[in-house]
Ligand code: 13P
Ligand code: SF4
């Protein structure tokens with residue numbers, strides 16, 4: 001199946017982009033893998049006829065908005081995101097109307113329609129820089145992740161108004177289990193994604209995006225890490241640092257499952273079928289694409305100095 005995917009991609013001049021939360025087999029065949037920021041940056045430069053996006057819906061949508069004339073395929077259209085789902089456009093319009101003197105900074109994990117209501121987009125990799133590009137007294141709505149928003153408020157000293165959304169994977173990682181792991185592994189460094197809940201971030205030695213965590217573990221002198229994020233990251237972490245040990249934080253007392261169920265809907269077989277049938281394709285109305293593009297391009301312009 002892997003060879004068939006690669007063969008079809010070649011025949012059809014398709015590029016395969018994959019997020020680090022994809023399964024290792026998919027990460028290994030991707031032409032480019034990255035976190036949300038790197039994937040958006042890459043998507044803005046693609047010149048293939050087809051973009052096969054091994055990730056979730058909002059990521060493929062972003063790629064389509066940046067490449068309206070190219071075909072963007074998502075292997076499973078059900079690959080959504082709890083953050084995007086938490087922020088329906090009609091409710092957000094009302095919320096925005098309650099804060100007329102605020103600008104809107106939206107996390108890229110939102111629908112294209114929410115992007116049309118936003119002034120600028122950010123990812124976890126550039127959120128602090130994007131927020132700090134505005135004057136200190138600028139009133140800001142931050143949507144849809146309240147954990148990331150709270151974290152940025154803390155780091156920047158801002159008081160952004162937060163939409164009440166969470167990532168269903170990161171929000172349930174257990175601080176009790178982390179404390180137990182820290183006691184059992186006193187030599188381990190705790191690293192966490194800013195989508196995690198406040199108690200987890202308070203315990204963390206380092207907080208950062210997917211790429212920031214990968215870089216941190218690569219460059220750190222420590223040999224053992226407790227990792228509070230989605231399990232997919234472990235593949236690249238272990239590849240980058242084969243001599244280091246990584247302990248993933250489980251969800252809660254009853255469940256060790258911190259795979260993103262949406263990300264993991266993609267399989268090699270679905271990638272193959274998507275390329276073969278050139279379906280499911282991301283289709284968006286022209287006016288939505290046009291309006292949603294401006295805040296994404298603004299983010300990319302503000303992030304040029306950040307490494308892919
Ligand atoms: P990053 O890729 O920005 O670290 O975000 C993680 C995530 O949850 C993507 O959906
Ligand atoms: Fe959405 Fe969380 Fe899954 Fe990322 S890990 S796609 S934020 S539900």
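Just so you know, all these numbers are worked out from the coordinates, no wet-lab data involved. Everything quoted here is computed from the prediction, not taken from an experiment. Because the Cβ atoms are built from the backbone with ideal geometry, glycine has one as well, and the counts that use them run over all protein chains shown.
With Cα atoms defining each centre, the stretch 83-116 and the stretch 134-171 are spaced 13 Å apart in the structure. In terms of Cα atoms, the Rg and Dmax of the chain work out to 19.0, 55 Å. The relative contact order of the chain, computed from alpha carbon pairs under 8 Å that lie at least 6 residues apart in sequence, is 23 percent.
Each helix, a run of at least 4 DSSP H residues, gives -39500 (n - 2.57); summed and divided by the residues of the chain, these come to -11500 deg cm²/dmol at 222 nm. When only alpha carbons are used to place a centre, the stretch 1-77 and the stretch 194-222 end up 26 Å from one another.
Approximating the spin labels as points 7 Å out from Cα along Cα→Cβ, the residue 119-to-residue 273 distance works out to 4.4 nm.
Taking each residue as 0.36 nm, the span from residue 243 to residue 288 lengthens on full extension beyond its C-alpha to C-alpha distance by 11.5 nm. In terms of surrounding Cβ atoms within a 10 Å radius of their Cβ, 304, 150 rank from fewest to most as 304, 150.
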